[in-house]
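S.K.: Take this structure, written in structure tokens, and hold onto it; I'll ask about it next.
The values are calculated or read from the model by the stated rules, or taken from the named source; none is laboratory data. Quick caveat, the model's predicted, so the values are computed rather than measured. Positions of Cβ are backbone-derived with ideal geometry, glycine not excepted, and every protein chain shown enters the neighbour counts. In case anyone asks, the SASA skips ligands and DNA or RNA and just uses the protein heavy atoms, side chains included. Shrake-Rupley method; radii C 1.70, N 1.55, O 1.52, S 1.80 Å.
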Amino acid sequence: MAYYKADSLNFIRKQTFRRLWNAIKVVSSFYVTKWLKKPVQWGMPMTISVEPTTACNLRCPECPSGLRQFTRPTGNLKANFFQQTINEIHRELMYLIFYFQGEPYINPDFLNMVKYASDRGIYTITSTNGHFLNEENARKTVESGLDRIIISVDGTTQKVYENYRKEGKLEAVLKGASNIVKWKRKLGSKTPHTIFQFLVVKPNEHQIPEIYRLAKAMGIDEVRLKTAQVYDYQNGNPLIPENEVYSRYKKQDDGTYAIKNELLNHCWKLWHSCVVTWDGMVVPCCFDKDATHRLGDLKKASFSEVWYNEEYHRFRTQLLQGRDKIDICQNCTEGCKVWA
């Protein structure tokens, strides 16, 4: 509980009047939209996700990065472009996520970009598979000012872990997590808040109690269970957990599976956040993994111009008219009563 309190206080301390006022405008416009049933957008995004890279060292079975199935180019986010974007919107941002597809630590400028955002008072988060947290990177991570690090640990034994994290080494991940904990203590830092994220799939669901014990023994601050997105779920899938509490899908009377989400025709994500790909494309959310719905290009327009442009208005209008008609929404957890 003390760890959660420290993380919450750290987040609160980084908020300014300008950020809070922007958040009020964004929330208000979202509810006005639901009332009017037509898109109204006030304020700038409260949060964005930026993609440090599309490259990844693993080959996870439900990830387009791991499967090398992207139709868009692979590359690394450039530090100067990142700085330009942050300079425009940092006064409104409540937090910044350094993750979309790929493994962030593959980008050699990643931690420099984290520090650039941290120096501007933004609460920063990243998600990693944990294979690059050697002594040097662990120390630099703590020194960068990163506020929260999510480390994917999808099994407590190598045999179970590699069912999903193909080509991954659990020993390396746990050593990396230990390095972060060690350097926090050495440097007297309360950040980053450390999280073990456990993607619940059928091969590992029996290890849920063990991941909590492991995290506690290692000094990790928090464990989060995450449901798995499965593309071919209709006729069942070996990754779908037996316990439906941990699944985004439910088994129907005819033996097929359906997503639990009712797909209501509104989406909070489209009003308060967006994703910026490594090459500057703005896409609606993290479910558009291949960046097929490109709402603007930050190499050609400012962030505010993109946020309020006709493409964004059209997409928000389309969403209000029928979320079930948009491909990236059909396997989404927004509004679904399960963990994301």
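S.K.: May I ask you to say which residue of 103, 88 is among the acidic types (Asp, Glu) and open to solvent by 10 Å² or more (accessible area, probe 1.4 Å)?
M.R.: 88
S.K.: For residue 173, are the conditions met, namely being farther than 15 Å from residue 152 by Cα, among the aliphatic types (A, V, I, L, M) and open to solvent by less than 70 Å² (accessible area, probe 1.4 Å)?
M.R.: When the stated conditions are applied, residue 173 does not pass them.
S.K.: For residues that are crowded, with 19+ Cβ neighbours inside 10 Å, among the hydrophobic types (A, V, I, L, M, F, W, C) and at pLDDT 95 or above, tally how many sit in the stretch 272-306.
M.R.: 11
S.K.: Yes or no: residue 160 among the β-branched types (Val, Ile, Thr), part of a helix (DSSP H, G or I) and either at pLDDT 95 or above or in contact with a helix residue (DSSP H, G or I) (Cβ under 7 Å, 6 or more places away or on another chain) (or both)?
M.R.: When the stated conditions are applied, residue 160 passes them.
S.K.: Next question, about the same structure. Identify the single condition in (1) open to solvent by 20 Å² or more (accessible area, probe 1.4 Å); (2) under 13 Å from residue 48 (Cα atoms); (3) within 18 Å of the chain's Cα centre (by Cα); (4) not hydrophobic (A, V, I, L, M, F, W, C) that residue 126 does not satisfy, given that it satisfies every other one.
M.R.: So residue 126 meets the others, but not (1).
S.K.: Could you tell me how many of the residues in the stretch 163-181 are modelled with pLDDT of 95 or more and either in contact with a Cys (Cβ under 7 Å, 6 or more places away or on another chain) or part of a loop (DSSP other than H, G, I, E, B) (or both)?
M.R.: Final tally of qualifying residues: 1.
S.K.: Condition test on residue 340, is it of a type outside the set (S, T, N, Q), at pLDDT below 85 and surrounded by fewer than 19 Cβ atoms within 10 Å (Cβ to Cβ)?
M.R.: Yes; evaluated as a whole, the condition is true for this residue.
S.K.: For the stretch 221-329, please list each of the strands (runs of 3 or more DSSP E) lying entirely inside it that holds at least 2 residues being hydroxyl-bearing (Ser, Thr, Tyr).
M.R.: none
S.K.: While we're here: Just to be sure before I move on: is residue 158 polar (S, T, N, Q), open to solvent by 20 Å² or more (accessible area, probe 1.4 Å) and under 17 Å from residue 224 (Cβ atoms) in the structure I sent?
M.R.: No: the conditions fail for residue 158.
S.K.: Taking into account only those residues within the stretch 182-204 that are in a helix (DSSP H, G or I) and either within 22 Å of the chain's Cα centre (by Cα) or of a type in the set (Lys, Arg) (or both), which is farthest from residue 136 (Cα to Cα)?
M.R.: Here the residue is 185.
Residues are listed down the side, and each one gets a yes or a no for (1) open to solvent by less than 10 Å² (accessible area, probe 1.4 Å); (2) within 19 Å of residue 161 (Cβ to Cβ); (3) touching an Asp or Glu at 6+ places or on another chain (Cβ under 6 Å); (4) of a type in the set (S, T, N, Q):
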position: 184; (1), (2), (3), (4): no, no, no, no
position: 189; (1), (2), (3), (4): no, no, no, yes
position: 199; (1), (2), (3), (4): no, yes, yes, no
position: 207; (1), (2), (3), (4): no, yes, no, yes
position: 249; (1), (2), (3), (4): yes, no, no, no
position: 253; (1), (2), (3), (4): no, no, no, no
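S.K.: Inside the stretch 309-318, can you point out the residues that are within 24 Å of the chain's Cα centre (by Cα), more than 14 Å from residue 38 (Cβ to Cβ) and surrounded by 14 or more Cβ atoms within 10 Å (Cβ to Cβ)?
M.R.: Matches in the stretch 309-318: none.
S.K.: Looking only at residues that are among the small types (Gly, Ala, Ser) and touching a helix residue (DSSP H, G or I) at 6+ places or on another chain (Cβ under 8 Å) in the stretch 106-123, which one is most open to solvent (accessible area, probe 1.4 Å)?
M.R.: If we take residues in the stretch 106-123 being among the small types (Gly, Ala, Ser) and touching a helix residue (DSSP H, G or I) at 6+ places or on another chain (Cβ under 8 Å), then 118 is most open to solvent (accessible area, probe 1.4 Å).
S.K.: Follow-up question, since we're still on this one. Being without any contact (Cβ under 8 Å) to a residue 40 or more places away in the chain and crowded, with 17+ Cβ neighbours inside 10 Å is the filter here; which residues of the stretch 216-232 pass it?
M.R.: Across the stretch 216-232, the qualifying residue is only 223.
S.K.: Determine, yes or no, whether residue 177 is free of Cβ contacts under 8 Å to residues at least 60 places away in the same chain and in contact with a Phe, Trp or Tyr (Cβ under 8 Å, 6 or more places away or on another chain).
M.R.: For residue 177, the condition - free of Cβ contacts under 8 Å to residues at least 60 places away in the same chain and in contact with a Phe, Trp or Tyr (Cβ under 8 Å, 6 or more places away or on another chain) - is met.
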